[in-house]
Number of protein chains: 2
Amino acid sequence: MLQIWLSLLSGLCLRLVFLCSAEEGLEFPNFDGKDRVLDINERNYKKALKRYDLLCLFYHEPLPANKGLQKRFQMTELVLELTAQVLEDKDIGFGMVDSQKDSKVAKKLGLEEVGSLYVFKDDRVIEFDGELSADTLVEFLLDVICHQCLSVSPVPSDFKAFQEASERFQPYIKFFATFDKSVAKHLSLKMNEVNFYEPFMEEPAILPGRPLSEMDIVEFVTQHRRATLRKLRAENMFETWEDDMDGIHIVAFAEEEDPDGYEFLEILKDVARDNTNNPELSIVWIDPDDFPLLTTYWEKTFKLDLFRPQIGVVNVTDADSVWLDMSNDEDLPTAEELEDWIEDVLSGRVNTEDDDEFADDQDNPDSYITEDSDESRDPDEEDDGDD
Amino acid sequence: MLQIWLSLLSGLCLRLVFLCSAEEGLEFPNFDGKDRVLDINERNYKKALKRYDLLCLFYHEPLPANKGLQKRFQMTELVLELTAQVLEDKDIGFGMVDSQKDSKVAKKLGLEEVGSLYVFKDDRVIEFDGELSADTLVEFLLDVICHQCLSVSPVPSDFKAFQEASERFQPYIKFFATFDKSVAKHLSLKMNEVNFYEPFMEEPAILPGRPLSEMDIVEFVTQHRRATLRKLRAENMFETWEDDMDGIHIVAFAEEEDPDGYEFLEILKDVARDNTNNPELSIVWIDPDDFPLLTTYWEKTFKLDLFRPQIGVVNVTDADSVWLDMSNDEDLPTAEELEDWIEDVLSGRVNTEDDDEFADDQDNPDSYITEDSDESRDPDEEDDGDD
């Protein structure tokens, strides 16, 4: 069980080590020993909901008898304590809800997934489905409360629907409003118009109909929420991963700070822009720099070199995968070549199962993008001709 | 002392919590219980140096008697253990050197700063002066070994000087070489020419002289290393902060993902490009998103709202600071206005000490950038007229 609690330390920081420096300005917070995380129960949960602008509840299994698991539990508490301390001035309450002892409260509050963290804000509940580290949690909560700062006054009535719709999606989707003519002009935004910018798209989609009701906006955003190219982020990585396309993800690894990675990302963006209206297509872009602890795991699981850009199909039920051969150091695929490959993925011609069959016969059964030879493309393969 | 060890948990992760999911592909590593970190002493240090491509040594104070500090010590070990496990296949050794028990070894190895981590690679020593979390450390070490992957064969002799110079600066400064004519043409790079790209600059500086010796390159890079605009990064944040300009830093806070932050950053880049030849100027850009746990600390210490872009002068000995007034929501300063302010900072007209004198008399004694009034600029102030 020691195995388990150590895994919790993956992002642990030893910043104090360096604090002997004479220079000021980079002091990481020290826990001051004050208990801020509440033990939520039937007697105090209503008061807690009332008292804070935001209430953050961790729904957990009962304290285990096993010592190793107890340590893990203490660490969860400590992450919450430190987060509570860091955000002390922001009027956020923190609490723990025991799935056994406090099962009635949990039911009343609608807590379902043990091990999840729920944020209560006004009459909304936001489930946090990201990496549960103090870093990520603080950033997430700052995003949630930042939204509150955006309230503008006086608020025109047309704006109310927009504001209320925004509540449903924050902090994952950001909503901005401008009352400034020159800004609106710069964005080619007409009065009372709502534009939806999908990630990495240059042109926004304009929401149809006017005046727009809260439900119009909610429906449109819900429908267009899954972007053609979406970046995996610590704050909602598990949610993104669970939102697969019939059991698979098209995954692209590209380090934005690496020249090849940058170039490949530009190609991906081109492909995404060309295919933004294809609801079947959503590419998950992972920047390995954002997930150092997962890099070697991915390299082993997917048998990849992540020092280079990669794109492939991952079966999310067994992590089986097949990757486009880009081992030729000279050139990355063009947007057209990438679109052909994606077409093959979407049509099922490239899939993780074929790979299993042929794995022993050929080295790279699914690769056909090589620079100097056309034969490597399967001659029997039909061209759809619709590009 | 409990305060201390908890502070170590700031980046602690509870990723396991979410691993009950049926989907595969995002599994954070679990420590397997195997000891990989060596207790370095006189008998084994030479063998360790020989055995690994990279040897990573943590130079620490003796195990303290105090229980709280012992826990902190154990956590340091655990960070190293997890890092060692994650990087198991990369031929990196990890060890601990006790500053008291192993003082002789420390002297032989040239370890000086207790609490620092030293990376031995061939005949070089790289001091890690960043955030000591497993995340940051893994990323740093992957960067160090990635460099080894770049070896090209056959290597022309002119390239050797370049390659050897690169060893002195990696992984903090990245060196790339191309043997491809079309890539060289695209970069306007001539044969055997070395171009130096300062961060955020569009045009490179061309290293003078040819053929370039290792020392030519080292000298040039050393001289131009401190960029006009440099981003604070977890991997060398303490090193950057210690590299102040006569006791001060010009610090800009801007969230790249926020529209105002993005715009402000573009203005900063313009200013940096205009002033790239001014050795007196170096602006430290901090993206608050990269340091969630420091955000509220900075807000309190500097009395700032970090939901908005900010620029100011920080005295690094006492963290005293003075900030440009950009409270006017309408507009960010123009590049010209920012340059005027920077000129005032460099000439000492704007400084953290004046602020102390006038703090009780005026609200914003140092601000003169407001949109609608010119009077806010001190009429007695001289214009240097050298822009």
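The values are calculated or read from the model by the stated rules, or taken from the named source; none is laboratory data. Predicted, not measured: the structure shown is a model, and the values here were computed from it. All Cβ positions, even for glycine, are placed from backbone atoms using ideal geometry, and neighbour counts span all protein chains on display. The protein model used for the area step is the full one, side chains on, heavy atoms only, and it has no ligands, DNA or RNA in it. Shrake-Rupley method; radii C 1.70, N 1.55, O 1.52, S 1.80 Å.
What is the number of the single condition among (1) in contact with a helix residue (DSSP H, G or I) (Cβ under 9 Å, 6 or more places away or on another chain); (2) open to solvent by 30 Å² or more (accessible area, probe 1.4 Å) that A:His186 does not meet?
(1)
Go through segment B:253-267 and give me each residue that's in contact (Cβ under 8 Å) with a residue 60 or more places away in the chain and either on the phi > 0 side of the Ramachandran plot or surrounded by fewer than 23 Cβ atoms within 10 Å (Cβ to Cβ) (or both).
Those that are in contact (Cβ under 8 Å) with a residue 60 or more places away in the chain and either on the phi > 0 side of the Ramachandran plot or surrounded by fewer than 23 Cβ atoms within 10 Å (Cβ to Cβ) (or both): B:Asp260, B:Glu263, B:Ile267.
Does B:Gln74 qualify as being polar (S, T, N, Q) and open to solvent by 30 Å² or more (accessible area, probe 1.4 Å)?
Yes; evaluated as a whole, the condition is true for this residue.
Quick one: how many residues across segment B:34-49 are touching a residue at least 12 places away in the same chain (Cβ under 8 Å) and in a loop (DSSP other than H, G, I, E, B)?
6
Within segment A:78-90, can one find any residue that is touching a Cys at 6+ places or on another chain (Cβ under 7 Å) and either in a helix (DSSP H, G or I) or under 25 Å from B:Thr295 (Cα atoms) (or both)?
No, there is no match, as no residue in segment A:78-90 is touching a Cys at 6+ places or on another chain (Cβ under 7 Å) and either in a helix (DSSP H, G or I) or under 25 Å from B:Thr295 (Cα atoms) (or both).
Look at segment A:287-315 and say how many of its residues are part of a strand (DSSP E or B), hydrophobic (A, V, I, L, M, F, W, C) and more than 10 Å from chain B (Cβ to nearest Cβ).
2
Here are the criteria: (1) open to solvent by less than 10 Å² (accessible area, probe 1.4 Å); (2) closer than 21 Å to A:Arg225 by Cα; (3) touching a helix residue (DSSP H, G or I) at 6+ places or on another chain (Cβ under 9 Å). Tell me which single one A:Asn278 does not satisfy.
The failed condition is (1).
Let me spell it out: the conditions are (1) touching a residue at least 60 places away in the same chain (Cβ under 8 Å); (2) under 26 Å from A:Thr136 (Cβ atoms), and A:Ile283 meets all of them except one. Which number is the exception?
(1)
For the structure I just gave you, tell me whether A:Glu164 is modelled with pLDDT of 85 or more and over 26 Å from A:Ser282 (Cβ atoms).
Answer is yes for this residue.
Please count how many residues of segment B:5-53 are open to solvent by 60 Å² or more (accessible area, probe 1.4 Å) and modelled with pLDDT under 70.
3
Out of (1) under 18 Å from the mean Cα position of the chain (by Cα); (2) assigned to a loop (DSSP other than H, G, I, E, B); (3) not acidic (Asp, Glu), the odd one out for A:Lys101 is which?
(1)
Anything in segment B:284-307 that is within 17 Å of the chain's Cα centre (by Cα) and surrounded by fewer than 20 Cβ atoms within 10 Å (Cβ to Cβ)? List them, or say none.
Across segment B:284-307, the qualifying residues are B:Asp287, B:Asp289, B:Asp290.
When residues of segment A:208-232 are filtered for being at pLDDT 90 or above and either open to solvent by 60 Å² or more (accessible area, probe 1.4 Å) or not in a loop (DSSP other than H, G, I, E, B) (or both), how many remain?
Qualifying residue count, segment A:208-232: 17.
Mind listing just one residue for me: the one in segment A:316-330 that is under 28 Å from A:Leu132 (Cα atoms) and within 8 Å of chain B (Cβ to nearest Cβ) and, of those, surrounded by the fewest Cβ atoms within 10 Å (Cβ to Cβ)?
A:Asp318
Would you check which residues across segment A:78-90 are in contact (Cβ under 8 Å) with a residue 40 or more places away in the chain and either surrounded by fewer than 17 Cβ atoms within 10 Å (Cβ to Cβ) or away from chain B (no Cβ under 11 Å) (or both) and list them?
A:Ala84, A:Glu88
Can you pull out every residue in segment A:50-77 that is among the hydrophobic types (A, V, I, L, M, F, W, C) and not in a helix (DSSP H, G or I)?
A:Leu54, A:Leu55, A:Cys56, A:Leu57, A:Phe58, A:Leu63, A:Ala65, listed by residue number.
Since B:Thr136 meets every condition but one in (1) within 13 Å of chain A (Cβ to nearest Cβ); (2) more than 18 Å from B:Thr240 (Cβ to Cβ); (3) in a helix (DSSP H, G or I), which condition does it not meet?
Of the numbered conditions (1) within 13 Å of chain A (Cβ to nearest Cβ); (2) more than 18 Å from B:Thr240 (Cβ to Cβ); (3) in a helix (DSSP H, G or I), the odd one out for B:Thr136 is (2).
When you scan segment A:112-132, how many residues do you find that are within 14 Å of another protein chain (Cβ to nearest Cβ) and either touching a Lys or Arg at 6+ places or on another chain (Cβ under 8 Å) or at pLDDT 95 or above (or both)?
4
Considering only residues that are over 23 Å from A:Phe307 (Cα atoms) and in contact (Cβ under 8 Å) with a residue 60 or more places away in the chain, look in segment B:105-126 and name the one that is surrounded by the most Cβ atoms within 10 Å (Cβ to Cβ).
Restricting to residues being over 23 Å from A:Phe307 (Cα atoms) and in contact (Cβ under 8 Å) with a residue 60 or more places away in the chain, the top hit is B:Leu117.
How many residues does segment A:171-194 contain that are within 13 Å of chain B (Cβ to nearest Cβ), part of a loop (DSSP other than H, G, I, E, B) and more than 29 Å from the chain's Cα centre (by Cα)?
Summing the residues that are within 13 Å of chain B (Cβ to nearest Cβ), part of a loop (DSSP other than H, G, I, E, B) and more than 29 Å from the chain's Cα centre (by Cα) in segment A:171-194 gives 2.
Kindly indicate whether B:Asp246 is closer than 29 Å to B:Leu332 by Cβ and open to solvent by 50 Å² or more (accessible area, probe 1.4 Å).
Yes.
Any idea which of B:Glu239, B:Glu255 is more than 16 Å from the chain's Cα centre (by Cα), within 13 Å of chain A (Cβ to nearest Cβ) and under 30 Å from B:Val138 (Cβ atoms)?
Result: B:Glu255 is the single residue among B:Glu239, B:Glu255 that is more than 16 Å from the chain's Cα centre (by Cα), within 13 Å of chain A (Cβ to nearest Cβ) and under 30 Å from B:Val138 (Cβ atoms).
Does A:Asp102 meet the test of being within 13 Å of chain B (Cβ to nearest Cβ), acidic (Asp, Glu) and buried (at least 20 other Cβ atoms within 10 Å of the Cβ)?
no
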